[in-house]
Amino acid sequence: MRGVSVQSITKSFGDGLVLRDISFTAGAGEFVTIVGPSGCGKTTLLRIIDGLEEGDSGEVRIGDRLVSGPARECAFVFQADSLMPWRTVFDNAKLGMELRKMDIQTHKDRLKELLQLVGLGGFEKYYPRQLSGGMRQRVNLARALAVDPDVLLMDEPFAALDAQTREIMQTELLRIWSDQRKTVVFITHQLDEAVYLADRVLVMGRKPGVIADDITVPFSRPRELSLKRTGEFGQLVERIWGTIEGVIRETGGI
Amino acid sequence: MTVPSQSSSHVEPAPGVVIGKLPARKPSNGRGMHRKSSITISTLSIVVGIALWQIIGQFLVGNSLFLATPWQTLSGIRDMWTSGGLREDLLVSGEEFIFGFLIGSAAGIAVGAVIAKNRVSKRILTPYISGFYATPIIALAPILILWFGLGIWSKVVVVISLVIFPQIINTEAGIRTTEETLRDVARSYGGSTIEVFRKVELWWSLPYILAGLRLGVGRALIGVVVGELFGARAGLGFAINNAQSEFNMPELFAGVAIFAVSGIVFTYLLTVLERVLAPWAANRP
């Protein structure tokens, strides 16, 4: 398994500077979440790590390899509804394997186990429109895990889900992650989600996006959902909220 | 920005438990339940329509020179069959329809894909496509007959010219409206431009292409008749023209009825094709 190292990434669209001199690392097997106000360039940063977009300057390395073009070591979990409506659950989950020219036959059993692991056993033949939002995101996750990546890049994967399903998916993600240990870079705008999931939380400022804070989460694993209701948890969330509030004030409101 | 809500509910499910709405439907196409009754209604509608036609023709008009009844139309078909002309006419018109429809549709899909993927070709071709789509190409049929002769190929060209433009427009729209995220998914897994086209855009466009085929069926049938009216040696349109000049209303109606039935049959076959190829696209165009 390999970690991610982001070095001085800068990116602008037109004359708007989106990311300025972003640097951070995620160690091998580490779970890093990135939070920040909307419009701070979180998604752009993630797309640059995946090689879907290029930074104007700076570099991204996965392990020792310099990323240029879609990175084989990464798998991207998109926001809701990134499933192919014409493919069944099983066929959606194997799309990444197909495109990366992995032999489906030799990996078929593993793919079935993966679907079982993400809680989709028995749903292989369903089409996405027959699934709930939470289940679709499970397929998304299975599709990403199927290519056995070193790094999982997750772009607000639970943002479109209702509060209850989101909490369930958070515990599910931790359960799956403890089984399939990956380096994870997870973007969210939900502070409690960020703290609950992560080893480290990066707080981004905006206009342009910079790393405003880097917080190590002290809670041991496995974590119960009840952790969210403890005082320490609340204090940590409060501290991050303070940083973000400052950022928003400085850059002129929501 | 949201602050974690203190009142969020406390759910702690067992690992692996699937919560959330369970699919309301079985993994079939979900239409089976209503198919039976909708077929019954359609059949009933046809029966009532034919009955009305018979009543109006027999009692209200009462003159087969103005309106042939269904019964007279049927005997018209029988006469055409026994005289041996109908078989030949069906074959000729059928060939014109099939060749024109297939070539026109295939070319329409190909051109639509090219202009969707290549901006320059789109700029070059768009004025012609919108122009020809809007002009009654039928008006050009006499010239096409002049150029391509009285055989089937002049009619095939007429049919192609009618079928191709809606299919170009539909295919292009399908590929153009492909959801960007889905392209990104394929790209992020290393999909090449061709793979993005084959595995994402083409599938996304399938319901549009099928809708284009359905439009094409009607236009192709019109092309066959009108093409033959302007000049042919055989065919159903040719037969209709003859019947008209002899004031043989039953045979004229017979010809028209055969076209109508073909329209119903081909459109139905396409819905079957849709169900087989795109069962996932229940609510798409």
Quick check on my filter: what residues within segment A:189-211 are in a strand (DSSP E or B) and away from chain B (no Cβ under 14 Å)?
A:Arg200, A:Leu202, A:Gly209, A:Val210, A:Ile211
Tell me, please, whether a residue that is among the small types (Gly, Ala, Ser), under 30 Å from A:Val60 (Cβ atoms) and within 10 Å of chain B (Cβ to nearest Cβ) can be found in segment A:124-140.
no
Could you tell me whether segment A:217-240 includes any residue that is away from every other protein chain (no Cβ under 13 Å), touching a strand residue (DSSP E or B) at 6+ places or on another chain (Cβ under 7 Å) and without any contact (Cβ under 8 Å) to a residue 40 or more places away in the chain?
yes
Unmet criterion (only one of (1) exposed (fewer than 14 other Cβ atoms within 10 Å of the Cβ); (2) among the polar types (S, T, N, Q); (3) over 27 Å from the mean Cα position of the chain (by Cα)) for B:Ser121
(3)
Selection count, segment B:187-205, where residues are within 7 Å of another protein chain (Cβ to nearest Cβ) and surrounded by fewer than 19 Cβ atoms within 10 Å (Cβ to Cβ)
2
List the pairs whose first member sits in segment B:245-271 and is closer than 20 Å to B:Ile98 by Cβ, whose second member is surrounded by fewer than 13 Cβ atoms within 10 Å (Cβ to Cβ) and basic (Lys, Arg), and whose Cβ atoms are under 6 Å apart, counting only residues at least 6 apart or on separate chains?
none
Got a number for residues in segment A:20-39 being at pLDDT below 90 and more than 12 Å from A:Ala212 (Cα to Cα)?
2
A:Ile104 being aliphatic (A, V, I, L, M) and touching a residue at least 40 places away in the same chain (Cβ under 8 Å)
no
Hey, does segment A:148-165 have a residue that's in contact with a Leu (Cβ under 7 Å, 6 or more places away or on another chain), part of a helix (DSSP H, G or I) and at the interface with another protein chain (Cβ under 10 Å from one of its Cβ atoms)?
no
Inside segment A:57-94, the number of residues satisfying the requirement of being of a type in the set (Gly, Ala, Ser) and surrounded by fewer than 23 Cβ atoms within 10 Å (Cβ to Cβ) is 6
One residue is enough: does segment A:97-107 have a residue meeting the conditions at the interface with chain B (Cβ under 8 Å from one of its Cβ atoms), within 29 Å of B:Pro207 (Cα to Cα) and not acidic (Asp, Glu)?
yes
For segment A:18-33, indicate whether the set of residues that are crowded, with 18+ Cβ neighbours inside 10 Å, part of a loop (DSSP other than H, G, I, E, B) and touching a helix residue (DSSP H, G or I) at 6+ places or on another chain (Cβ under 7 Å) is non-empty.
no
Residue under evaluation B:Arg214, criteria (1) assigned to a helix (DSSP H, G or I); (2) within 30 Å of A:Met97 (Cα to Cα); (3) of a type outside the set (A, V, I, L, M), criterion not met:
(2)
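The values are calculated or read from the model by the stated rules, or taken from the named source; none is laboratory data. Keep in mind it's a predicted model, so treat the numbers as computed, not measured. All Cβ positions, glycine included, derive from the backbone under ideal geometry; neighbour counts span all protein chains shown.
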